[in-house]
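Novice: Sharing a structure, written as structure tokens. Questions coming.
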Amino acid sequence: MTTNRPLLWTLSIAVALLAPAAGAQQAAPRAEAQESDALTDRARQLFEDGVKAANAGKWADAHAAFLAAWGLKPHYQIASNLGVACLRVGKPRDAAEYLTRYLREAPATKVQERQRAEASLQEARAQVAAVTVRVAPGGAEVTVNGASVGRAPLADPVFLDPGRHDVSAKLDGYVLQTRSVEATAGGTEAVVLDLQRTPAPDARRAGAEQSGLPAPEVPRGSGRTAVLVTGGVATGVGAAAGVLFTVLANKRAGEAETLKNTLLAQKPNACSLTSRSRDCVRQGEVLDESALYSNVAFWSFAGAGTVGLGTLLYALVSGPEARVQVTPRVGINDVGLSVGGAF
């Protein structure tokens, strides 16, 4: 018999915590029955199923039943039994949470039940860390490793498995704050998160003015310089392209003229419609190429001139000391720009 005492003692604690709904507790006070009646029918049935499973030592089934009942009715009576079940299935962190809630909500008159819950809580606490999180201002959402654990102020400590964890608090209009904590089994930690309001866009400049320091200068003119450089390069490229295609057009025109003179010397009507030789076809192709190059040269010069004029006008009206007015002119016989002012 001596060998079985530790197991029987453990089961006696669990059964005592489950007593309000167990069939063997017919002589329980009337208050216990009223608390049980406060549960919904489905939650009460799940609770009773959990009690039966716990009495039979089937803690996995008991945990599942109590957890389902808690989802329907988060009553402190279920919290006590769910906490013990979590402890028996190897979930000390969850056990500490449920048992802590039970001790916070259960009436002080439940002396024996509270004592048993405290004993189970101590067993769970030996395996996890209790972290007290204080956040200002209230209402901020508290997260641990990205998972929400509630809004400040938190009623209970946050229980963490041993290891490193990131505790954060966020609230609209405030800068997110994060603290890392190294949790140890049985340890107690405190995390204080003092949120600061999100600074306005010009807060840095205003702060510099109040401190008497010169405000940070923002580089000016960099965009204007980029436009002027780009415009100048585009103008140069366009002009260069115009010169190149003009040279090619003149060269092709010269070749066409040479072919024409050669053909006329050979036979005056060598390029008639009835007898068109290969040299005549070549002369026509060279003339077409000359015309094409001429057109490309014209539009290259036109584009370069347009970009150059636009760049010049931009330089005049965008400078820090510019006092130039550019007015569009639209008339019956002319369309253009009127540029005036001091240069």
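Novice: Do the conditions hold for Leu309, that is, is it open to solvent by 90 Å² or more (accessible area, probe 1.4 Å), of a type outside the set (Ser, Thr, Tyr) and at pLDDT 80 or above?
Specialist: Yes, satisfied.
For every residue, the table says whether it meets (1) open to solvent by 40 Å² or more (accessible area, probe 1.4 Å); (2) among the small types (Gly, Ala, Ser); (3) touching a strand residue (DSSP E or B) at 6+ places or on another chain (Cβ under 6 Å).
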residue	(1), (2), (3)
Ile78	no, no, no
Val84	no, no, no
Pro92	no, no, no
Glu123	yes, no, no
Ala129	no, yes, yes
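Novice: Among (1) in contact with a helix residue (DSSP H, G or I) (Cβ under 7 Å, 6 or more places away or on another chain); (2) open to solvent by less than 70 Å² (accessible area, probe 1.4 Å); (3) at pLDDT 90 or above; (4) farther than 26 Å from Ala185 by Cβ, which single condition is Leu18 missing?
Specialist: The single condition Leu18 does not satisfy is (3).
Novice: Quick check: is even one residue across segment 289-302 among the charged types (D, E, K, R), closer than 28 Å to Gly238 by Cα and at pLDDT 70 or above?
Specialist: Within segment 289-302 (the criterion being among the charged types (D, E, K, R), closer than 28 Å to Gly238 by Cα and at pLDDT 70 or above), the answer is yes, since at least one residue qualifies.
The values are calculated or read from the model by the stated rules, or taken from the named source; none is laboratory data. Bear in mind that the values here come from a model prediction, so they are computed numbers and not experimental data. Cβ sites come from the backbone with ideal geometry, for glycine too, and all protein chains shown count toward neighbours. The accessibility values were calculated without ligands, DNA or RNA, using every heavy atom of the protein model including side chains. Shrake-Rupley method; radii C 1.70, N 1.55, O 1.52, S 1.80 Å.
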